[in-house]
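Here the structure is laid out as structure tokens; the discussion comes afterwards.
The values are calculated or read from the model by the stated rules, or taken from the named source; none is laboratory data. The model shown is predicted, which means the values in this text are computed figures rather than measured ones. Using ideal geometry, Cβ is built from the backbone for each residue, glycine included, and neighbour counts are taken over all protein chains shown.
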Amino acid sequence: MRSLAFAIGLLAFALTADADSLRPVDQAQSEPSFAAFRWRLLKGLEKKDTAVLFPLLDPGIRASFGAGDGVKTFRQYWKLDTAPATSGLWSELTTAIRLGSTREEDEFVAPYVFTRFPKDRDAFTHAAVIKPAVKLRKLPKAGATIVGTLDYEVVQLLTPVKNGWYRVRTDAGKQGWLPQADVRSPLDYRAFFEKKNGRWFLTAFVKGD
């Protein structure tokens, strides 16, 4: 399955942005059938509707590296049969998709952060700022002194997330704290979609390496 090879081939991607920035990309509208599929999937995710979701899953869907493949495994991994209302899938997949999809030969991948992350940056120690005009703060709390403003920059992560904040360093050497919601690692959850026999399917939704 090409999605699997693509997922494992970590960050062998074309660089389409400046070295210090990664602006949003969404190519879904280049394929109307995929755009319609994505709209239907997002509606199902919004309603937490497994009746909409399950038919859109590829029979060999991958949920993680090491957990095995298949719809049954995917459903177990995300507790879609035992606790669907509180499953983390709804929010995680929605977030990944809404960030924007890129077209990679015969498939679409979301979010763009995974496919467009600069090849010269270590994916384990760097991340992308996914919003404009994000305030870099001196301390990890809202209202703390602003030490800079970042627009879609790639930053170095200096610490693991701490109470919803990352300590980061910019290319210019400036250090500060960013809210977790404004930063995304290329190794965070990403979704792969393929068209098979005229129908689009979610073929993988994985994180990590």
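What single numbered condition from (1) in a loop (DSSP other than H, G, I, E, B); (2) out of contact with any Pro (no Cβ under 8 Å at 6 or more places or on another chain) fails to hold for V147?
Of (1) in a loop (DSSP other than H, G, I, E, B); (2) out of contact with any Pro (no Cβ under 8 Å at 6 or more places or on another chain), only one is false for V147: (1).
For N197, are the conditions met, namely being within 30 Å of K72 (Cα to Cα), surrounded by fewer than 21 Cβ atoms within 10 Å (Cβ to Cβ) and not charged (D, E, K, R)?
Working: within 30 Å of K72 (Cα to Cα): yes; surrounded by fewer than 21 Cβ atoms within 10 Å (Cβ to Cβ): yes; not charged (D, E, K, R): yes.
Yes: the conditions hold for N197.
So how many residues does the stretch 65-80 have that are polar (S, T, N, Q) and loosely packed, with under 13 Cβ neighbours inside 10 Å?
The number of residues fulfilling the criteria is 0.
Output the residues belonging to the stretch 54-98 that are closer than 19 Å to P186 by Cα and in contact with a Lys or Arg (Cβ under 7 Å, 6 or more places away or on another chain).
Once the filter is applied, which keeps residues that are closer than 19 Å to P186 by Cα and in contact with a Lys or Arg (Cβ under 7 Å, 6 or more places away or on another chain), the stretch 54-98 yields A96, I97.
On the basis of being outside the structural domain of K162 (by TED's automatic domain parsing), of a type outside the set (S, T, N, Q), in contact (Cβ under 8 Å) with a residue 12 or more places away in the chain and touching a helix residue (DSSP H, G or I) at 6+ places or on another chain (Cβ under 6 Å), does V109 make the cut?
yes
Just to be sure I understand, how many residues within the stretch 81-128 are surrounded by fewer than 17 Cβ atoms within 10 Å (Cβ to Cβ), of a type in the set (A, V, I, L, M, F, W, C) and more than 28 Å from T159 (Cβ to Cβ)?
2
Within the stretch 77-85, does at least one residue satisfy the condition of being charged (D, E, K, R), part of a loop (DSSP other than H, G, I, E, B) and modelled with pLDDT under 95?
no
Among the numbered conditions (1) among the aliphatic types (A, V, I, L, M); (2) more than 27 Å from Q29 (Cβ to Cβ); (3) in contact with a strand residue (DSSP E or B) (Cβ under 9 Å, 6 or more places away or on another chain), tell me where A123 comes up short.
Every condition holds for A123 apart from (3).
Identify, please: which residue in the stretch 129-162 is β-branched (V, I, T) and surrounded by fewer than 22 Cβ atoms within 10 Å (Cβ to Cβ) and is, among those, farthest from A35 (Cα to Cα)?
Out of the qualifying residues, it is T145.
Sort out which residues of the stretch 55-68 are touching a Leu at 6+ places or on another chain (Cβ under 8 Å) and within 18 Å of R38 (Cα to Cα), and write them in order of number.
L56, L57, D58, I61
I want to confirm something. Restricting to the stretch 21-64 and keeping residues that are in contact with a helix residue (DSSP H, G or I) (Cβ under 8 Å, 6 or more places away or on another chain) and modelled with pLDDT under 95, which single residue is surrounded by the fewest Cβ atoms within 10 Å (Cβ to Cβ)?
That would be S64.
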